[in-house]
1. Can you give me the Kirkwood hydrodynamic radius for the range 61-216, using every pair of distinct Cα atoms, in Å to one decimal?
2. Using Cβ contacts closer than 10 Å as the measure, can you line up R148, R159 from fewest to most?
3. Check G47: other-chain or 5+ apart residues with amide H under 5 Å from its amide H, H built from backbone geometry?
4. The range 179-204 to the range 1-66: how many Å between their Cα centroids?
5. Using the 10 angstrom Cβ neighbour count as an exposure proxy, how do D262, D307 rank, fewest first?
6. Assuming 0.36 nm per residue, please report the length gained on full extension of the stretch A63 to S79 beyond their Cα-Cα distance.
7. If one computes P(r) from the Cα atoms of the range 2-305, what percent of pairs lie at distances over 23 Å?
8. About the Cα centre of the range 2-305, how large is the charge dipole given +1 on each Lys and Arg Cβ and -1 on each Asp and Glu Cβ? Please answer in debye to the nearest 20.
Amino acid sequence: MILCCGEALIDMIPELTLQKTEGFVPHCGGAVMNTAVALGRLGVPTGLFTGLSDDMFGQQLVAHLHASNVDLSFAVTSSRPSTLAFVQFVEGQANYSFLDENSAGRMLGLSDLPKVPEDVSVLFFGGISLATEPGAETYATLLDRERRERVVMLDPNIRPQFIPDQKRYRARLERMLARTDILKVSDEDLDWMIPQPLPYAEKIAVLMKRGPNIVVMTRGSAGVVGFLPDGSEVNVMAERVAVVDTVGAGDTFNAGLLCKLDELDCLDIQTLRKLDSDALKQALAFASKVAAISVSRPGADPPWAVDVMD
């Protein structure tokens, strides 16, 4: 099983009302939840460790997760409010304004840490849940405690405007990177993590020295490039589709990557350290394919396995 650890929230998506004014419609979202949903829909046994509210939005999230085959036995439910993320689209890119104070997800504490069974072979972390405390420290502690021989994938999905304390966030990220096997970053993430004016390959090399065996960098319409421990690069072009919106695209990409690596029997630490270019290319191509399907749909709506069959 892959255990996804991080936020589940409500994306408030703008839509025109009958009166032709702009309103907001609640859609299930959150980077880590989107990845869990995409994995579940692709047929990979998946669980989600997160904080969920028992309010109307929390009930909407639970129904969505159950419908997508995500195991919620690791989730912690409380009467705190759900996190709301109001979305605005500027030139096709999503900008967010969060309501997250005292939320069910943000206030996840150390006492909420689950017992992780042996059949969990992969831990996935990422999203805004790594930026806001106390929940962020809870997730980092889970990684410290449960890493052992499990594969760890991290997608920081950095949103600078949502980081209240950059020094603490960078320190936490460094601590988690040291225990990470697969790191996925966007080109924007990379520039934030290493702001020096260096070629991206040099920046990736710096990150790999900090822990990850494999680094994957997405570049939007320019495709994706993966870096292996032996220094080799693997490039895959982006799928060409009519883009409806980009909400959840990177999250679905993460699920596709893990799904294909699982299918290839590569999701163990020793195999990942010896991963070859062909296997990584297959995984990146599949991840790009499922992400392309996602961006062709409104909202975060990852494909099911039947949608990506050749």
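Just so it is clear, none of the values below were taken in a lab; they were calculated from the coordinates. Since we're looking at a predicted model, the values are computed, not measured. Backbone-built Cβ (ideal geometry, glycine too); neighbour counts: all protein chains shown.
1. Working: mean 1/r = 0.0587 Å⁻¹.
With all distinct Cα pairs of the range 61-216 included, I get 17.0 Å.
2. R148, R159
3. Under 5 Å from the amide H of G47: I2, L3, C4, D71.
4. Distance between centres, Cα-based: 28 Å.
5. Numbers: D262 20, D307 14.
Fewest to most other Cβ atoms nearby, the residues stand as D307, D262.
6. Details: separation 16, 0.36 × 16 = 5.76 nm, distance 1.71 nm.
So the chain would gain 4.1 nm between A63 and S79.
7. Values: 24030 of 46056 pairs.
Cα-Cα pairs of the range 2-305 separated by over 23 Å account for 52 percent.
8. On the way: 28 positive and 39 negative charges, 92 e Å.
It comes to approximately 440 debye.
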